[in-house]
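Student: The structure's right below; bear with me while I get my questions together.
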Amino acid sequence: MEKRARSRTADRDIPVGVVMVGMAVVVWWPAFTLGAWNDLFFDQLLTVWAASTAAFVFVLVERRPVGLRLLRAFLLLLPSVWLALMFTVNDSTEDLFEFVVNLGAILAVLVGLPFTLWVLVQIVWPDFGGRTRVGTKWLIALVVVGVAVASFILGLNQAHFLTCEDFTISGNNPPAGCTPAPPDDL
């Protein structure tokens, strides 16, 4: 009897672990690139846009109260609003409007990425949100934020444990301040 109860508890813990690990894997690279290059790469921003757009369509057709659907749909539109605004920015100007649009891009990712991830989790596991304790949800959020902050700090300090060659070999341009590889002693 006790073994069966432990098994049911473990079965409930598996989705929590999958969600926690999956969300941490998704946030680490954008946070690292923000630290290392002081920028979010276009592929990361467009990935958030694609996922949030798909989740937006789902939210519009899901069977939930209209008020909740509209709020979720609005938040999922943030990356699309950012993308539309990017078409209006002229790279040759340095004005307040461009600053606001760039700030909007960062906010779209900071708000859009975690919210999109959470909506996607609820799409994949509809019972997850309702059956998961509030403390467990906070734990997931803290772990994901912790991984994002640690990844950002690692990006800022990449010169201490990575070389310029590490970035080149991985297919990335070396960030400013990277450490050159030590010369080969032949």
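Student: On full extension of the chain, what length is gained from SER170 through VAL61, given 0.36 nm per residue of separation minus the C-alpha to C-alpha distance?
Tutor: The span from SER170 to VAL61 would gain 35.2 nm if fully extended.
Student: Starting from the amide H of THR179, placed 1.01 Å from N in the peptide plane, find each other amide H under 5 Å away whose residue is 5 or more places distant or on another chain.
Tutor: It is CYS164, by chain and number.
Student: Full extension from ALA159 to ASP127: what is 0.36 nm times the residue separation minus their Cα-Cα distance, to one decimal in nm?
Tutor: Gain in length upon complete extension: 7.1 nm.
Student: Under a crude label model (7 Å from the Cα following the beta-carbon direction), how far is ASP95 from ASP43 in nanometres?
Tutor: That separation, rounded to one decimal, is 3.5 nm.
Student: So, one more: Tell me, in nm to one decimal, what length is gained between LEU103 and ARG69 on full extension, where the rule is 0.36 nm per residue of separation less the Cα-Cα distance?
Tutor: 9.6 nm
Student: Each residue of the range 143-151 in turn: what ³J(HN,Hα) in whole Hz from Karplus with 6.51, -1.76, 1.60 and θ = phi - 60°, glycine and Pro shown as x?
Tutor: Rounded to whole hertz, the list is 5, 5, 5, x, 5, 5, 5, 4, 5.
Computed from the coordinates by the stated procedures, all read-outs in this text should not be read as laboratory data. Every value quoted in this text rests on a predicted model; they were computed, and no experiment measured them. Please note: Cβ atoms are built from the backbone with ideal geometry, for glycine as well, and neighbour counts cover all protein chains shown.
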